């Protein structure tokens, strides 16, 4: 701090020089035009006093700002390397650098925390799947369909946790391959067999004969969510799965969706106005489905008539050309 | 000859239930007692197929898979909840033949076991022909025979008869029938099942079979 005035002069030297220059030129011109020595002396003294006062005031302001910056840099967040000889602009630059470093560190810490959380949830999902597998085997032996249906719901929610974490992670593992749509539908539908049978719901699956490039696991996850929703909101009738143009359609004869809810069903946490759709609905399933499909370069939309039907359309255009 | 299956799984409930169900399918089933010496127990038991979990006490399943591969080409199926792509690739690289995610459907497991045994040992599914009171069900040909008469069945009728024959002397619930039909890609509903049952009954009558399919109210069907 002790040499701050040197820094101040360095910082302001053009400005100070110009002031002295102005005085010098004023004297020169007045001298050439024959001004009296007394007048010149008065002018010079008053100008110099004025300049000195203003400069002192400016220096005082400069010093205050600099002190503020130094104090700011002494805050615990910012590493404490105060260099007395830094001028104001340099001080700003150093602080900006410090802040950049702080942001970087905190980003890294957050990322690490997120990674650790995902690791833990991944482990948890694996842990919880062992007792689920054990229960499923025991139920295979005893054959209680309603218990099995409940277990399928638990499994579905567990899968959702992992899906939610993974799709929101910075890096999501997509594995694109040529997928046999009929095989995929068959596998997903069969998972829900006990639910269909115990609820006495009919399912009609129309063969599509369609193959396309997509991520099999993620698409199966989305289809599982859609079928699980259809099962939740359909008391009787049927669920139909078929291909229409470049869409895979999952149509149910369930309670349908209120037109005023329809535009918002893909929003995170939206579970219907006035608690409609369902009190248990988390508002996560469709949000996840949409997010996943968008990441896969696909899309999803819903057409519904309250009390009559819900039809979910999943875009299954082949993105082959785009990727190659 | 009974095929021997070794289950390397530390969850006793899963291992126990698998053992009971595999024994119903006429396999001899062995457990691991000491997870430090899986290889010596493998050698002592001499299984025709191994079901292997990944997370085990002491060493993981990959290590045991690798070790088994050094001494034997026996089919190995991984059965694990760690079903990320990386784990599946790892399992296959260690020499596994198949990977099943936990939780799993027992019918899927049994189908994969049969497929692997068939590829490895010329294993013939012993129940391609089923018999009850002199009536023969030929699953491959989709035919029912009794004395000199025969009768053709549709695919779905074969599936229903197969379940009925496998559970002779037991009441088969409609739910069980439907679940088994679903597993063979036939998503049957209540009406369709009833229609099929009526048709099968007529065919049994035509065949003059010494039994009929009786309906037990609220329970299911019984061959009697």
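Every number here is computed from the coordinates shown, using simple stated rules; none is lab data. All figures in this text were calculated on a predicted structure; none of them were measured in a lab. Note that we place each Cβ from the backbone using ideal geometry, even for glycine, and neighbour counts take in every protein chain shown.
Per the Debye formula with a single identical scatterer at each Cα and no solvent contribution, what log10 I(q)/I(0) holds for chain B at q = 0.10 Å⁻¹? Log10 I(q)/I(0), no solvent term: -0.56. The three principal axes of the Cα atoms in the protein assembly as shown give end-to-end lengths of 149, 63, 42 Å, sorted in falling order.
Once the Cα atoms of helix B:12-24 and of chain B are each reduced to a long axis, what angle between those two axes, in degrees from 0 to 90 to the nearest 10, is obtained? Relative to chain B, helix B:12-24 is tipped by roughly 40 degrees. Restricting attention to chain B, close to 55% of DSSP beta bridges with both partner residues there are antiparallel. Return the whole-Å distance between the Cα centroid of the stretch B:1-42 and the Cα centroid of the stretch B:170-205. Using only Cα atoms, the two centres lie 33 Å from each other. Dividing the helix sum by the residues of chain B, where each DSSP H run of 4 or more adds -39500 (n - 2.57), gives a mean residue ellipticity at 222 nm of -13500 deg cm²/dmol.
Quick one: helix B:190-206 against the long Cα principal axis of chain B, what's the angle to the nearest 10°, folded into 0 to 90? With rounding to tens, the tilt is 60 degrees. What is the stretch B:32-145's relative contact order, in percent, from Cα pairs under 8 angstrom and six or more apart in sequence? Averaging sequence separation for qualifying contacts and normalising by length gives 18 percent for the stretch B:32-145. The stretch B:95-144 and the stretch A:116-137 have Cα centres spaced 30 Å apart.
Angle of helix B:106-121 to the longest C-alpha principal axis of chain B, folded into 0 to 90 degrees and rounded to 10: 70°.
Remark: A:60, B:64, B:182 ranked as A:60, B:182, B:64, counting other beta-carbon atoms within 10 Å and listing the fewest first.
Sorted fewest first by neighbouring Cβ atoms within 10 angstrom, A:63, B:119 come out as B:119, A:63. Per-residue ellipticity at 222 nm computed for chain A from its helices equals -21000 deg cm²/dmol, with DSSP H segments shorter than 4 residues left out and the rest contributing -39,500 (n - 2.57). Legend: ranking of residues B:55, A:18 from fewest to most surrounding C-beta atoms inside 10 Å; resulting order A:18, B:55.
For the pair the stretch A:152-172 / the stretch A:13-67, the C-alpha centres are spaced 74 Å from each other. Only beta bridges with both residues in the protein assembly as shown are counted; by DSSP, about 70 percent of them are antiparallel. Taking a ≥ b ≥ c as the square roots of the Cα gyration tensor eigenvalues, with a/c under 1.5 meaning rounded and otherwise prolate when a/b beats b/c, else oblate, which class fits chain A? Since a/c reaches 1.5 and a/b is larger than b/c, the shape of chain A is classed as prolate.
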